[in-house]
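Notes to accompany the following structure.
The values are calculated or read from the model by the stated rules, or taken from the named source; none is laboratory data. Because the structure is predicted, anything quoted here is derived from the model rather than measured. Here the Cβ is made from the backbone with ideal geometry for all residues, glycine too, and neighbour counts use every protein chain on show.
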Amino acid sequence: MPSLIFLMKIVANYAISNDVFLISTNFQHKKIHIGTWTSPDHQTINQIDHVMVSKEKIRLIHDVRSKGGYNCESDHFLVQIKIKQKLITVKNKQIQKHKWDRQLLNQKERINKYGENIQTKLQEIEEETDINQDWQNLKQVILEAVKEFKLSKDAKNANHWWDDECKRAIQENNEARGKCLIRKTRANLDIYQQKRIKANRICRRKKKEWIERKIKEINETNRKKDTRKFYKDVRNLSNLPTTMTLVCKDKDGNIVLKKTSSGKMAMILRRTTKS
């Protein structure tokens, strides 16, 4: 493994050859805000992640520091850069649109309560002589009822399997990590590792259960011959992020490997690409 001095020389030579400046070491901070990497035993912290900028942009950087409080499941800390730059802003009023959740619309009990709520609120509103004001009142009542009964889709929550149990496990994991950063003891490190394993298991289990439930719903939709909903659910489920193996193939479609590669590795690669 190359030494730290050798790596520093590489960084310095790169900065000189490309006419850039190492700006991350120009700002004074506490030691906890300087280190960007921690050792596996959480006893050693070094500043090995740096920020380089060109001479024209050096005045835009106002501060560079590490953010150890954010848990990104890595031995590296996030590096925060404060940039001050004038941008041209264009005032464009965007109207917030609500997308109806069709699955919730099929629940008769919720729809009936939703209609009763709208009727009750409309009776409380006094009639206006202006038709535009009446329309605004009606629109406001409908939007409030939609938020109350949660009939619209939440665009921010892309993970449909995410629930309160996952949120609570991740919160406990972050709290244990914060205690480990403040007081680096073996007991705190063991507690953090246990909370981390527990949170990962809960999230994996919730995601697996959600995928299995969606597959059952897709099979039921196919049995009912609802073609439109079937293809829509399959498309949404197939858009989940998956790992892709990049390999080279010959004209016959076989994976090209070096002569030193073992037969077992070739079998594994061909199996992953076929799947």
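The residue that is farthest from residue 11 (Cα to Cα), among those in region 73-82 that are in contact with a strand residue (DSSP E or B) (Cβ under 6 Å, 6 or more places away or on another chain) and free of Cβ contacts under 8 Å to residues at least 24 places away in the same chain, is 82. Is it fair to say residue 45 is within 33 Å of the chain's Cα centre (by Cα), under 27 Å from residue 85 (Cα atoms) and not charged (D, E, K, R)? So residue 45 does not fit the description; no. Taken residue by residue, region 184-203 has at least one member that is within 26 Å of residue 32 (Cα to Cα), surrounded by 15 or more Cβ atoms within 10 Å (Cβ to Cβ) and touching a Lys or Arg at 6+ places or on another chain (Cβ under 7 Å).
Among the residues of region 129-148, those that are at pLDDT below 75 and either buried (at least 16 other Cβ atoms within 10 Å of the Cβ) or outside any helix (DSSP H, G or I) (or both) comprise 129, 146. When every residue of region 216-228 is checked against the conditions, at least one turns out to be at positive phi and either in a loop (DSSP other than H, G, I, E, B) or surrounded by fewer than 16 Cβ atoms within 10 Å (Cβ to Cβ) (or both). None of 237, 246 is surrounded by 13 or more Cβ atoms within 10 Å (Cβ to Cβ) and at pLDDT below 85 except 237.
Name the single residue that is modelled with the lowest pLDDT among those in region 19-67 being exposed (fewer than 10 other Cβ atoms within 10 Å of the Cβ) and polar (S, T, N, Q). Quick ask: steps written out before the conclusion?
Initially, region 19-67 is screened for residues exposed (fewer than 10 other Cβ atoms within 10 Å of the Cβ), giving 19, 28, 30-31, 40-41, 43, 55-56.
This time we only want the ones that are polar (S, T, N, Q), so: 28, 43.
Values: 28: 86, 43: 78.
Ranking the candidates gives 43 first.
With respect to the stated conditions, residue 162 is without any contact (Cβ under 8 Å) to a residue 60 or more places away in the chain, outside any helix (DSSP H, G or I) and over 30 Å from residue 34 (Cβ atoms). Scanning region 149-159 for residues that are closer than 23 Å to residue 237 by Cβ and either assigned to a helix (DSSP H, G or I) or at pLDDT 90 or above (or both) yields a count of 0.
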